[in-house]
Amino acid sequence: MTPLSARRLAGRMRRLAAAPTAGLWRRLPAGARIAAFVVAGLVLLAVVGPAVAPYPATRNLTGPLAAPPDAAHWFGTDVYGRDVLSRIIHGTRVSVVAGLVTPLLALAAGTVVGAAAALAPGPLRRVLEWLLDLLVTFPGIVLAVALAALLSPGLPTTVVVLSVLFAPAVARVVRAAVVAEYGKDYVLVGRFMGAGPAWLLAHHVARNVAGPVLVFTSSLAGTAVLTEASLSFLGLSVQPPTPSWGNVVNDGRDLMASGGWWVTTFAGLATLVAVLALSVLADGLAAALGTTAPGETARAGGAVAAGPGGAPARSRRPSTPESPGPAAPAGPRATVPARRGEPLLAVRDLGIRFPAAHGGAEILSGVSFDVHPGESVGLVGESGSGKSLTTLAVMGLLPAGARVTGSIRFAGRELTTMPARERRKLLGTGLAMVYQDALSALNPGMRVGTQLRQVCRHSGRHRPADLLRRVHLDPGRTLSAYPHQLSGGQRQRVLIAMALAGDPALLLADEPTTALDVTLQAEIAGLLRELTAGRGLSMLLVSHDLAFVAQLTSRINVMYAGEIVEAGPVAPVLAGPRHRYLGALATAITSLERGVRADRPLTGAVPQPGRWPAGCRFSGRCPYATARCRDTAPVWAGDGERGFACHHPAGLPVGPQPVALTGGGEVR
């Protein structure tokens with residue numbers, strides 16, 4: 001992270017203080033509201049205190065020394081004859097500066113260090129984490145006393161020392177929050193669009209971690225006030241005769257032995273009230289910010305459209321439908337385009353393993369397929385087959401530590417050896433991805449319009465409203481809405497619009513209809529068909545639903561346990577599967593429309609990497625498996641158009657044909 005981006009990030013964290021605080025006052029508990037008034041009063045007293053104090057803070061009075069409270073001196077006088085009330089009023093400024101400036105400086109430093117610890121490469125990240133853990137183990141007051149004793153005593157020194165002591169704790173909170181957010185889908189979608197880590201942190205992640213970070217920082221204000229008072233009491237902060245609450249308490253220490261209680265008591269009460277008010281306010285902020293998301297969270301099953309002035313207006317569904325016309329008909333299966341020349345995407349012998357997982361066994365092995373310009377290709381299989389991992393490899397977004405072998409060529413360029421910065425330029429423009437869970441793939445703390453504008457600014461090719469019209473959404477309602485205020489189908493269309501912002505040549509759609517009902521699935525299928533057939537967009541469709549893939553693709557690749565077991569044109573492959581796994585999937589299709597039940601459901605689960613048999617990986621679930629299947633891996637057989645890897649291939653009766661999505665076809 002460069003110094004410029006670090007300064008921008010720290011400034012953005014401060015500017016985002018208002019982002020998570022919409023409607024904050026009415027969500028604060030009553031005690032926190034009272035505490036807020038007390039804190040506001042202390043700040044006001046710090047500003048106007050010298051003008052309203054009855055006496056100068058440092059002038060010795062001519063009256064009696066160490067006088068108890070009376071009508072002339074409400075809090076009495078100290079051993080030098082100085083008015084205690086005036087000294088406490090003047091000392092308020094010291095405590096307010098310590099309580100407000102110290103957390104802000106700690107926030108700025110902790111934000112930069114914590115973000116660096118979250119995003120740094122492996123070795124540097126571990127060093128930073130170790131240093132942060134080490135620094136927070138030392139008692140803060142002991143370190144403060146030691147540092148203040150070495151430096152010149154005074155309020156600036158105290159503020160700097162306390163900021164340095166508080167910064168590691170803030171950095172740990174920032175690091176934990178950033179790491180948690182970076183594991184969410186909306187960050188992964190941003191990476192799909194080609195955004196770098198620093199940009200994602202400043203524009204997406206910061207607003208979602210600002211709440212807990214600011215709450216934690218506010219809790220440091222009371223600690224700063226108490227620590228400054230302690231250092232002043234010890235003579236290591238503000239020096240007499242300049243008043244602070246700590247040295248006022250120290251001034252009354254000798255009077256305590258002779259019954260002079262007032263100096264220490266009133267200065268101590270001022271410190272106690274300030275610390276309690278700041279602590280109660282911090283607890284109230286934590287409770288208020290932890291209850292609801294920005295905007296009023298819509299209940300499941302209802303949609304909320306933005307009303308006048310941005311206020312949410314509840315309705316069962318927006319008056320403008322997702323599509324201006326009726327849902328697109330299922331239509332015929334995709335036709336096979338002419339496959340001339342070099343493929344747009346060529347994957348050859350792709351292998352992936354993680355040395356620290358599954359004993360270092362390969363999770364993908366020997367994966368090969370092509371996607372030609374204007375062609376839609378399906379990648380199907382059960383969960384755990386390696387479909388999503390394949391798409392992440394194509395996008396160059398595999399988790400850290402992945403070891404990749406083989407070749408991935410896009411538009412004639414080798415991706416596996418391309419520098420990361422160069423490869424990221426392809427994301428969003430050459431390659432784009434539609435993620436499976438639209439609700440988690442969109443930033444929950446940002447309006448849809450803001451997210452689309454960021455994507456459009458990155459690509460510089462389209463306006464947000466135009467993109468929404470391309471996916472048949474009303475820009476007027478959608479741009480001002482938060483993701484939770486849209487229905488599932490609307491959110492999926494927004495994701496597709498974001499993917500189209502850079503005019504990509506290849507769209508990778510990973511389970512784009514997950515959690516949608518069959519009607520919305522049909523609408524999304526119609527939209528994808530329109531985009532691919534009408535605009536010449538190539539698509540790699542990942543799904544476990546054979547019926548859905550049959551509607552949208554011209555070629556299909558069937559994956560099982562990290563390898564492709566059958567491939568070819570979709571119609572003949574599904575009409576007469578050769579591999580027993582695909583045959584089992586086909587016979588497991590149930591059609592509610594035709595009243596056909598799955599007579600031979602596929603039992604068991606995909607084996608975990610490292611537990612694969614030496615032979616065919618499907619042999620443990622295949623009723624036709626022999627000793628040869630279990631001991632010897634099958635070789636790939638077939639012509640250039642169609643192939644499979646099975647020792648006992650057969651044209652199985654497939655039972656019911658895959659049906660249109662509106663008929664309820666589903667693989668069980």
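When only alpha carbons are used to place a centre, segment 73-89 and segment 160-222 end up 45 Å from one another.
A simple count of charges around G99, restricted to other residues whose Cβ falls under 12 Å of its Cβ and scoring Lys, Arg +1 and Asp, Glu -1, yields 0. Summing +1 for each Lys or Arg and -1 for each Asp or Glu among the other residues whose beta-carbon sits under 11 angstrom from that of M418 gives +4. Site pair R33 and A614 shows an inter-label distance of 7.6 nm when each label is modelled 7 Å from Cα along Cα→Cβ. Shown in residue order for segment 410-420 are the 3J(HN,Hα) couplings computed by the Karplus curve 6.51 cos²θ - 1.76 cosθ + 1.60 at θ = phi - 60°: 10, 6, x, 10, 6, 8, 5, 9, 6, x, 4 Hz (x for Gly and Pro).
As a proxy for reagent exposure, I408, I141 were ordered by neighbouring Cβ count within 10 angstrom, fewest first; the result is I141, I408. For V434, the residues whose modelled amide H falls within less than 5 Å of its own, excluding neighbours fewer than 5 places apart on the same chain, are L508, A509, D510. The ranking of E414, E530 by Cβ neighbour count inside 10 Å, starting from the fewest, reads E414, E530.
Suppose a student asked you for the relative contact order of segment 437-562, using Cα pairs under 8 Å spaced at least 6 residues apart; what percent would you report? List each step's numbers first, then the result.
Working: 134 pairs, mean separation 30.1, N = 126.
With pairs under 8 Å counted, the relative contact order is 24 percent.
Panel order for D474, D545, by other beta carbons found within 10 Å of each beta carbon, from fewest to most: D474, D545.
Near T137: Cβ cut-off under 15 Å, other residues only, Lys/Arg at +1 and Asp/Glu at -1. The net charge is -1. Between segment 510-547 and segment 391-451, the alpha-carbon centres lie 19 Å apart.
Throughout, read-outs are computed from the coordinates displayed, never taken from laboratory work. The structure presented is a predicted model; accordingly, all values stated were derived computationally and were not measured. Note that we place each Cβ from the backbone using ideal geometry, even for glycine, and neighbour counts take in every protein chain shown.
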